[in-house]
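Encoded as structure tokens, the structure appears first; notes follow it.
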């Protein structure tokens, strides 16, 4: 006797569906066609996507409310349309009239940009199948629900099911789908990483509301690098791409301020120069404060311990504040030496030479270790007018002279401070 099992069902929704006979194909017989990427012609956006939009891909864009997610996609979506192809913008949060007003402010009047105010996934997919658009935007996934599940929109089960069906639609139709997701208090999109394993690409919009620029960062990309960033500036007319981020981040730098140093962060395929500041002051507390903005606080604490142990500096009675100017977040050891230099400069009240770039990872023994892509970082500094660069000796040994900039190799933190504070 052969046992047959009935798939359990939820309220109006089958948990399992019948699966057709799958056909296997030897990998050697699969034809690979060159990537048919579609450009948004927003250079920074295309860079983060890996060179453009792949047909059938599902792209999740997350960030804090008001950071610019809707603005970016409203600017990009009409550029994917053509004379014969429309694009579909689905909003569950704003009315068509509100979107029209926003579009007027951004100068968007494309006749093939279609607006749909709808929250039912079934109605959205029905409209998409009838229109056959070149691209679809869902704003936002927390407002969309499927009738197959009885829970409220935005719940874990709704978000996962909606994302899964949008993925199915994208793959079947070869239509790229952009999903806007709001970030929770924990910093995850729609909960604890509910969607990142489902979609093809995950982009996060970062930025400080006190600054005009925004950073679009790829944290997952099946079709490109996961380290790329795009830099934009928010203006009244919308987001404008910044082709030279280093110039933007250094524009307001004071020339002779103590505790200020320029470091280089490698973001994807390009280096970006940023100003790093430190402030050291006598504490009025039993436990001195250690605060870091834009860098990992544990890394700062580690470097302060190295300074006390290896350099004999007395920081136990000092409050120490470290900040990356402009709201950039840097998570790489190449800025270690810059942090040490900035803290020492503030402690001793000796300004650092404005035309000096400081590079190097600092080990627990006080040694300065080699970093990656040193030449690329130095060439960016030379292009920006920097005259000297402090770098690990091991990196220096592998480099040819670079026009316009003097290279100074060091082995220990103490040697570096002798140069920096000379």
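Taken together, the values in this text are just the output of simple stated rules run on the coordinates, not laboratory data. The structure presented is a predicted model; accordingly, all values stated were derived computationally and were not measured. Heads up, the Cβs are rebuilt from the backbone with ideal geometry, glycines too, and the neighbour counts pull from every protein chain shown.
With N counted as the residues of region 219-258, its alpha-carbon radius of gyration over 2.2 N^0.38 Å works out to 1.66.
Going by a ≥ b ≥ c, the root eigenvalues of the Cα gyration tensor, does region 35-243 fall in the rounded group (a/c under 1.5), the prolate group (a/b larger than b/c) or the oblate group?
Working: a/c = 1.28, a/b = 1.14, b/c = 1.13.
Rounded, because the longest to shortest axis ratio a/c is under 1.5.
At full extension, residue 110 and residue 23 could sit 27.0 nm farther apart than now, given 0.36 nm per residue minus the alpha carbon distance.
According to the Cα gyration tensor, what semi-axes, each the square root of 5 times an eigenvalue, does the equivalent ellipsoid of region 340-422 have, listed from largest to smallest in whole Å? Mind dumping the intermediate values first?
Numbers: eigenvalues 81, 54, 17 Å².
That gives 20, 16, 9 Å for the three semi-axes.
Here the mean projected area of the convex hull built on the C-alpha positions of region 61-118 is 4.0 nm².
Which peptide among 240-248, 43-51, 395-403 comes first, and what is the full order, when sorted by highest mean count of other Cβ atoms within 10 Å? Let's see the in-between values first.
Working: 240-248: 17.0, 43-51: 21.3, 395-403: 11.8.
The peptides rank, most packed first, as 43-51, 240-248, 395-403.
Note on residue 298 and residue 85: the extension gain reaches 71.6 nm, defined as 0.36 nm multiplied by sequence separation minus the Cα-Cα distance. Separation of region 93-115 and region 204-269, taken as the distance between their Cα centroids, equals 28 angstrom. Cα axis of helix 156-173 to longest principal axis of the chain: angle in degrees, 0 to 90, nearest 10? It works out to around 70 degrees.
Can you order the peptides 219-225, 94-100, 372-378, 174-180 by their average number of other Cβ atoms within 10 Å per residue, highest first? Write out the running numbers ahead of the final one.
Values: 219-225: 15.7, 94-100: 13.9, 372-378: 17.9, 174-180: 24.1.
The most tightly packed comes first, giving 174-180, 372-378, 219-225, 94-100.
Projecting the alpha carbon convex hull of region 248-420 along each direction and taking the average yields 9.2 nm².
Pull up the DSSP beta bridges for the chain and report the antiparallel fraction as a percent, rounded to 5. Display every interim value, and only then the final one.
Working: 36 of 74 bridges.
Around 50 percent antiparallel, to the nearest 5.
Note on residue 197/residue 254: beta-carbon distance plugged into 1/(1 + (r/R0)^6) with R0 of 45 Å gives a FRET efficiency of 0.50. Take the Cβ atoms of residue 403 and residue 329, set R0 to 35 Å, and the FRET efficiency comes out at 0.60. When each of the peptides 263-273, 287-297 is scored by the mean number of other C-beta atoms lying within 10 Å of its residues, the order from highest to lowest reads 263-273, 287-297. Calculated mean residue ellipticity, 222 nm, the chain: -7500 deg cm²/dmol, from DSSP H runs (n ≥ 4) at -39500 (n - 2.57) each, averaged per residue and rounded to 500. The value given for region 20-121 is a Kirkwood hydrodynamic radius of 16.2 Å, derived from the mean inverse Cα-Cα separation.
Note on region 72-166: Cα convex hull, mean projected area over all directions, 6.0 nm². Placing dummy labels 7 Å off each Cα toward the beta-carbon, the span from residue 36 to residue 383 is 3.4 nm.
Quantify how much of the Cα-Cα distance distribution of region 168-325 extends past 28 Å, in percent. Intermediate values should be presented prior to the final figure.
Working: 4991 of 12403 pairs.
Within region 168-325, distances greater than 28 Å cover 40 percent of Cα pairs.
Give me the percent of DSSP beta bridges within region 312-422 that run antiparallel, rounded to the nearest 5. The partial results should precede the final answer.
Details: 3 of 11 bridges.
The antiparallel proportion sits near 25 percent.
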